[in-house]
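Notes follow once the structure below has been shown.
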Amino acid sequence: MSRIRVPRTGPGRPRTRPLAVLADRAYPSRAIRSHLRRRGIRAVIPQPSDQIGHRLRRGRQGDRPPGFDREVYKQRNTVERCINRLKQWRGLATPSDKLAIAYQAALHLAGILIWTRR
């Protein structure tokens, strides 16, 4: 999260705080939500059905459900398709590189190849 940079359309340095984070049902932990809330970032993470049941079973102590914008969550499909296209490159599907910089270089190379094919 600390390495996120959102470029500006005009002049100025990139923002380090995105407006919203789109995440899968697998990442609804309380720690992630509180971290995003502290930084003023809106989380668009649907609550899993088992957590809804736990919250409802607790009654008044179950707190209110976290906010969820269904329309913004639908944009996540674009990101998922991009990730799946990157995973088709074998070097990224099996991250066997020891250094993070080598994996990041492979990610950039795969992105360039995808972009040039379009």
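What to note about this one:
- On the basis of the beta-carbon distance and an R0 of 41 Å, Ser34 and Arg117 show a calculated FRET efficiency of 0.50.
- For the peptides 45-56, 6-17, 74-85, the ranking by mean Cβ contacts within 10 Å, running from highest to lowest, is 45-56, 74-85, 6-17.
- Percentage of interatomic Cα-Cα distances in the chain larger than 23 Å: 50
- Of the accessible area of the chain, computed with a 1.4 Å probe over protein heavy atoms only, carbon and sulfur atoms account for 54 percent.
- According to the Cα-based calculation, Rg over Rh for segment 77-117 is 0.98, with Rh computed by the Kirkwood formula.
- Accessible area per residue, Å², segment 23-118 with all protein chains present, probe 1.4 Å: 82
- A cut-off of 5 Å between modelled amide H atoms, ignoring neighbours fewer than 5 places along the same chain, links Arg42 with Ala20, Val21.
The values are calculated or read from the model by the stated rules, or taken from the named source; none is laboratory data. All figures in this text were calculated on a predicted structure; none of them were measured in a lab. Methodologically, a virtual Cβ is constructed for each residue, glycine included, from the backbone with ideal geometry; neighbour enumeration extends over all protein chains shown. These area figures cover heavy atoms from the full protein model, side chains too; ligands, DNA and RNA do not enter into them. Shrake-Rupley method; radii C 1.70, N 1.55, O 1.52, S 1.80 Å.
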